[in-house]
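For reference, the structure is listed below as structure tokens.
The values are calculated or read from the model by the stated rules, or taken from the named source; none is laboratory data. Bear in mind the structure is a predicted one, so any value in this text is a computation, not a measurement. Ideal geometry is used to build each Cβ from the backbone, glycine not excepted, and the neighbour counts take in all protein chains shown. Keep in mind that these areas ignore ligands, DNA and RNA; they rest on the heavy atoms of the full protein, side chains included. Shrake-Rupley method; radii C 1.70, N 1.55, O 1.52, S 1.80 Å.
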Amino acid sequence: MTASDIPCPACDEPVPPGAPACPACGIRLVGQDAARLWEVNQQIAVLSREAESLLASMRVPAPVPHVPAHPVPGMPGGAAHPGAWQPTAYPVAPQAYPVAPHRSAGQQLLLGFGALLLLSAVSVFALVAWSLIGIAGQAFILTCVTVGAAVSSRAASTHRLPAAAHTAAVIAVGVSALMALGAWSLGLAGADQLTFTAFVAVAGPVLALVWLGYDALSARVWSVTGATSVYLPSAVLALGAAGAAAVDAAAPGDVLRGVGLLAVAGALVTLAAVVRRVLDARRGRLPSVTGLVLALVVAAGAVLLLLATTYDLDRGLVDRYGAALALLVLGGVLLTVPVRVLTGTSVPVGSAPAAPAPATAPGRVTAASASRLAGAALGVLAAGSVLLDVPDLGWAALSVVSSVVLVVLALRSAPTVLVWSAGLLAPGAAAVVVSTVEGGARTLADLLRGDVVEPWVPVALEIALPALWAAACAVHLVRALSASRPVTGAAPAEPTAAAAGVVLGGNVAQLLGVVHGTWEWTVPIGLAWTVAALVLARAASVRSAPDRQPDRQSDRQPDRQSDRQPDRQPARPPVWQPVHAAALLAAGYVLVPLLQLLVEGVDGRVQAAGWWVVAAAAAWYASAPGRLEAGYVAAALVSVGNGLLVQELGGGQVELYTLPAAAAFAALGVAQHRAARAAYPDTHPSTMLTSAPALTLAVVPSLLVAVTGDDVLRLLLVVLAGMALLVLGVARALRAPVLLGSLTLGIVALVQGSPFLAYVPAWVLLASAGAALLTIGVLWESAVARGRQLGRWVHGLH
């Protein structure tokens, strides 16, 4: 090994400088890992040298520091006597209780399984050896085991063995319970004459007293350790089980049983509060928590029993209303009594006031809020049982009164809570009336039971209830729209809810009319509703256009002469936008009257008139700025009406019906064109939306009659009209005339020329098809380019 060689980090063999790997072991010595390993080895060498230096320094004795003399008791004059120097000890905080030895998991496991096996052995011994040693001997042995376990628990607590103490206490409690069960099963002292629940009611307090005695035997030792024995929680459980069993053993009705269980729950809460007040904080925590949890379980069982009673429609009204009253009282207690009183955690008298509670995050559920929610839910459920027996006439009166109150609140300032309450009560009561009347019942209870009872509310009143609610919402809507700004905290509220009420109430009333009325009344009303909705939608669209359109003045350059700009007025709330959406939803009801016309088999001219009325309303809505797309809907409605009319007339003088309608649509198209140009001066509205409905209504019906009939004059006029439309569209760059003229001439050519193909020989057709394919193949690139050019030209038309 030369002076320049370095040892290998793995095998300590010499490695020449620059070698990529160790020649002995072959380990790689290049790369980031090798460089990092070298740095780590260097750091280890530096730290090793520092450690050796520290060890050498520590082997030298340290000099003794000078300690001031301290007085020695008993010497005259308080003479000082030098003492040996001692290092200052670390201060140790005083502890209220001695530190208990650490309980390992293995120790807990061994003790737990030992207690389990011992209890199992005791139970087996009680079952097998009972007849061998007699009742007296068995009772003596079990008593000795119980007392021995209690004494062992006290001794273990005295010697600071809490795990063993708890295990012995559990054995004492378990053996005591087994002794009580054995006494009942063998009939000692006439115990077999009692039912199990009655025996639990008697044995529970006895066991509680025994366990309290065991706790008193070792209470002083437990208080020194600061722990709580199992005796106190077991006593609380025994008392709670005894109370619930006593209520059940009394065998009252379900209502009294539920009330009794609630009383037991209240007694357990009181017991938990007493335990928390009497005992110290550490010893009283577990028994009080046990009492509260047991009280919650008992109260939940009582509530379920009362709910099952109050909603059992086969029971009498006394039982149902009694259970509802109990639930209502419990809900009132939860709403009014503070939760710290309910849980027994109120501040004792004379104690210092507690620090203010930290603010909780919004939406977080606390104990107080949970108690109030539970109380409100119980109140609603209790009231719901009574509401099941309210007749339909009472619900109808409630709906009418609520609608009238809603109108009154709309005419004067009122809190929003009252407005919403009346606005929800009216439709809710109306829904109950509709359910009962349509189900052939008088009350909701009759409806749920399936009893058929003649309703008291007539059909006319049933239909009028949602209509009256819609009218009240309409008053609110008008008030909201007429106000420049909504008044905060006063009616009318947000117009969205009012508009939704108008739509929902109006549609429901009309559907009920369709179910019970004739089409001669319901169809005109439905069409009038649709037309009014579309007219309102157009007005709302026009009013809400400034809220949707960007400010065009912002694109202009500011005035250079003055940097000051006028103050902008605050923007108005977009009250018209929800009205526009609600009006469109209301217009969707048009499907019902149109389907009625088809189903009833009404005359085709009447059906066509209905479709045209809706088309005219849709065209009027399309004339609003920014709503030109609705013209397609109007054109589709016109086409359907034309088809129905042609089918009814059988190809007669259809122009007598189509030309006047086409003139009306032309007038609407002109209005639409002017409105669009006024809104957007720099753009040209599409003729597909302004002219297509009128041109389609004027040409298409005549075209269909001409190509299917023998009238040459009509066919000639249709061809001339198509040529005129095509020329006009090409000359003025109008899309609708070009497309409609091309379609007209193409259909005429196809229909008129296709019958003569039968007279052409087959070889001519084959040769023509082959020549056409060859021509397309040769001129493919130019044809595609011309097709794209034609598409761009058509797309650029107005």
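Against the criterion of solvent-accessible heavy-atom surface with a 1.4 angstrom probe, Met723, Met688 sort, most first, into Met723, Met688. Listed peptides 450-457, 301-308, 286-293 appear in the order 286-293, 301-308, 450-457 once ranked by packing, highest mean of other Cβ atoms within 10 Å at the front.
Report the extension gain between Leu411 and Asp451 in nm, rounded to one decimal, defined as 0.36 nm multiplied by the number of residues separating them, less their alpha carbon distance. Mind showing how you got there, number by number?
Values: separation 40, 0.36 × 40 = 14.40 nm, distance 4.30 nm.
Fully extending the segment from Leu411 to Asp451 adds 10.1 nm.
For Asp389 and Gln752, the difference between the fully extended length at 0.36 nm per residue and the C-alpha to C-alpha distance is 123.2 nm.
Each label was represented as a point 7 Å from its Cα along the Cα-to-Cβ direction; for Ala250 and Asp33 these points are 8.1 nm apart.
Calculate the FRET efficiency for Ala377 and Leu317 from the Cβ-Cβ distance with a Förster distance of 22 Å, rounded to the nearest 0.05.
Working: r = 23 Å, r/R0 = 1.04.
Between Ala377 and Leu317 the formula returns 0.45.
Could you sort Cys144, Cys8 by accessible area so the largest value comes first, with the probe set to 1.4 Å?
Details: Cys144 65, Cys8 0 Å².
Sorted by accessible area, descending: Cys144, Cys8.
Placing R0 at 45 angstrom, the Cβ-Cβ distance between Val478 and Val707 gives a FRET efficiency of 0.30 after rounding to 0.05.
Tell me the net charge near Ala537. Cut-off is 12 Å between Cβ atoms, Ala537 excluded, with +1 for each Lys or Arg and -1 for each Asp or Glu. Numbers along the way, then the final one.
On the way: positive: Arg538, Arg543, Arg627; negative: none.
Value of the local net charge: +3.
For Leu296, Leu327, give me the order by solvent-accessible area with a 1.4 Å probe, most accessible first, ignoring ligands, DNA and RNA.
Leu296, Leu327
So between His684 and Trp521, what do we pick up on full extension, going 0.36 nm a residue minus the alpha carbon distance?
Values: separation 163, 0.36 × 163 = 58.68 nm, distance 4.30 nm.
That pair, His684 and Trp521, stretches by 54.4 nm at full extension.
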